[in-house]
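The values are calculated or read from the model by the stated rules, or taken from the named source; none is laboratory data. Because the structure is predicted, anything quoted here is derived from the model rather than measured. Cβ: placed from backbone, ideal geometry, glycine included. Neighbour counts: every protein chain shown. Quick note on the areas: whole protein, heavy atoms, side chains included, nothing else; ligands and nucleic acids left out. Shrake-Rupley method; radii C 1.70, N 1.55, O 1.52, S 1.80 Å.
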Amino acid sequence: MRTSVIPSGASLPTLYRSLAGDYPKFFKMDTACRLGFLLAEMLAKEDTDRFTPRTDRAILFFSHEGSQLTDRNYAETIKDFPSPAIFVYTIPNTVTGEIAIRNKWAGETGAYVLPEFDGVRILELIREAFQDGETSSVMAAWSDCRSDEEWTAKAWLIERNEIEQIKELSL
Amino acid sequence: MENLIDELKLKVIDALNLEGMTPEDISDDAPLFGDDGLGLDSIDVLELIVLLEKNYGIKITNPKEGKAVFRSIVVMADYVKEHRTK
């Protein structure tokens with residue numbers, strides 16, 4: 001199992017420049033998507049077949065806040081001119097799409113909003129993702145964006161043959 | 001013209017909320033749209049149309065025309081120079 005973490009308050013543009021630097025669309029993303037994108041970059045850099053299209057990797061994201069931060073930012077723009085560029089990030093599952101597009105991962109995706117971090121429940125949902133007979137690995141993340149400077153962001157990349165040994169995920 | 005190009009880069013960054021991007025990240029003649037350039041898409045055209053109207057008094061009513069105008073920062077600057085009313 002690989003893991004990646006982004007400490008709260010870290011400079012995401014700086015991290016982007018050190019990890020990727022070749023994907024200007026990063027700058028269009030809201031903070032929640034930037035976190036997801038970078039968590040995936042950290043995990044995927046060890047893939048031997050990076051950017052080869054695949055349908056056997058699922059992406060599951062979990063948080064408490066969902067897209068509320070961007071929802072509020074968008075609501076602010078309504079006072080002047082509603083921003084379409086911000087509006088596109090006002091759903092919690094946009095992050096899974098951004099990661100799928102960047103990495104060419106066309107497996108299952110899901111975004112769950114939970115009352116709080118629950119490592120057992122998250123593990124159950126990851127386990128379910130392996131039941132489709134096609135998924136061989138799952139990128140899962142607890143990525144909870146409370147403001148543009150404060151978040152909890154940790155991701156796990158779990159292979160099918162590892163799942164039974166894992167009893168609980170923790171932050 | 002150089003001043004206008006720099007000014008446009010800053011306004012594009014601001015209008016599209018490209019937080020963390022600097023003017024140096026945008027080449028003068030790199031395509032603004034598509035994966036080879038800045039990665040903007042059709043949604044962003046609307047924001048750029050508003051930018052031109054608010055800042056330079058230029059009204060673009062045909063979004064297809066907008067896409068041609070926003071091919072790159074240099075093309076955009078040429079268009080602004082020729083059509084601005086303020």
Task: Over the protein assembly as shown: Kirkwood hydrodynamic radius from C-alpha pairwise inverse distances, Å - done: 19.7 Å
Task: Largest to smallest principal axis extent of the C-alpha atoms in chain B, angstrom - done: 30, 27, 20
- [ ] Treat each spin label as a single point 7 Å out from the Cα along the C-beta direction, and report the A:Asp22 to A:Gln131 distance in nm.
- [x] 3.9 nm
TODO: Run the accessible area of chain B with a 1.4 Å probe and give the carbon-and-sulfur part as a rounded percent.
DONE: 48 percent
- [ ] Amide H neighbours of B:Ile58 under 5 Å, at least 5 residues apart or on other chains, H built in the peptide plane: list them.
- [x] B:Glu53, B:Thr85
- [ ] May I ask for the angle, rounded to the nearest 10°, between helix A:31-44 and the longest principal axis of chain A, with both axes built from Cα atoms and the value confined to 0 to 90°?
- [x] 30 degrees
TODO: Apply the Karplus parameterisation 6.51 cos²θ - 1.76 cosθ + 1.60, with θ equal to phi minus 60°, to every residue of the stretch A:108-114 and state each ³J(HN,Hα) to the nearest whole Hz, in sequence, with x for glycine and proline.
DONE: 5, 10, x, 10, 10, 10, 10
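For the A and B pair, go ahead and give the buried accessible area with a 1.4 Å probe, both sides summed, in Å² to 100.
On the way: alone 8610 and 5340 Å², together 12590 Å².
Summing both chains' loss of accessible area gives about 1400 Å².
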Task: A:Ser147-A:Asp80 pseudo-label distance in nm [points 7 Å out on the Cα-to-Cβ vector] - done: 2.1 nm
- [ ] Would you mind getting the accessible area per residue of chain A, heavy atoms of the protein chains only, 1.4 Å probe, in Å²?
- [x] 46 Å²
- [ ] Can you send over the carbon and sulfur percentage of the accessible area for chain A, probe radius 1.4 Å, protein chains only?
- [x] 51 percent
TODO: Counting helices only, and only those DSSP H runs with n ≥ 4, report the 222 nm mean residue ellipticity of chain A as the sum of -39,500 (n - 2.57) divided by its residues, in deg cm²/dmol to the nearest 500.
DONE: -10000 deg cm²/dmol
Task: Restraint check, B:Lys11/B:Lys64; A:Lys25/B:Lys11; A:Lys104/B:Lys67, Cα-Cα greater than 25 Å - done: A:Lys104/B:Lys67
TODO: Count, for each residue of A:12-24, the Cβ atoms from other chains sitting within 10 Å of its Cβ, then give me the mean as a whole number.
DONE: 2
Open item on the list: From the convex hull of the Cα coordinates of the stretch A:69-136, what is the mean projected area in square nanometres?
Closed with: 6.0 nm²
Task: Residues in the stretch B:1-39 occluded by at least 10 Å² - accessible area, probe radius 1.4 Å, against chain by itself - done: B:Leu16, B:Asn17, B:Leu18, B:Glu19, B:Gly20, B:Met21, B:Asp25, B:Asp35, B:Gly37, B:Leu38, B:Gly39
Open item on the list: Just to be sure I understand the model, the point goes 7 Å from the Cα along the line to the Cβ. What's the resulting B:Leu46 to A:Ser11 distance in nm?
Closed with: 3.4 nm
Task: Partner lysines for A:Lys167 [C-alpha distance under 19 Å; skip if fewer than 8 residues away on the same chain] - done: A:Lys154
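Kindly report the accessible area of chain B per residue (heavy atoms of protein chains, probe 1.4 Å, no ligands, DNA or RNA), in Å².
Numbers: 4670 Å² over 86 residues.
Dividing the accessible area of chain B by its residue count gives 54 Å².
Which order do B:Glu24, B:Glu7, A:Glu128 take when ranked by solvent-accessible area (1.4 Å probe, heavy atoms of all protein chains), largest first?
On the way: B:Glu24 150, B:Glu7 70, A:Glu128 110 Å².
The residues order as B:Glu24, A:Glu128, B:Glu7, largest area first.
Applying a 10 Å radius around every beta-carbon, put A:142-150, A:49-57 in order of their mean neighbour count, most first.
On the way: A:142-150: 18.4, A:49-57: 12.8.
Peptide ranking by packing, descending: A:142-150, A:49-57.
For the protein assembly as shown, give me the percentage of DSSP beta bridges that are antiparallel, rounded to the nearest 5 percent. Let's see the in-between values first.
On the way: 13 of 26 bridges.
Percentage antiparallel, nearest 5: 50.
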Open item on the list: Relative contact order of chain A, please, whole-number percent, based on alpha carbon pairs below 8 angstrom and at least 6 residues apart.
Closed with: 34 percent
TODO: Before anything else, pin down the relative contact order of chain B: Cα pairs under 8 Å, at least 6 apart, normalised by residue count, whole percent.
DONE: 31 percent
Task: Rh by Kirkwood over Cα pairs, then Stokes-Einstein D for the stretch A:101-171 at 0.890 mPa s and 25 °C, µm²/s - done: 184 µm²/s
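Which of rounded, prolate or oblate describes the stretch A:1-119 when judged by the alpha-carbon gyration tensor and an a/c cut-off of 1.5?
Details: a/c = 1.66, a/b = 1.44, b/c = 1.16.
It comes out prolate by the Cα gyration axes.
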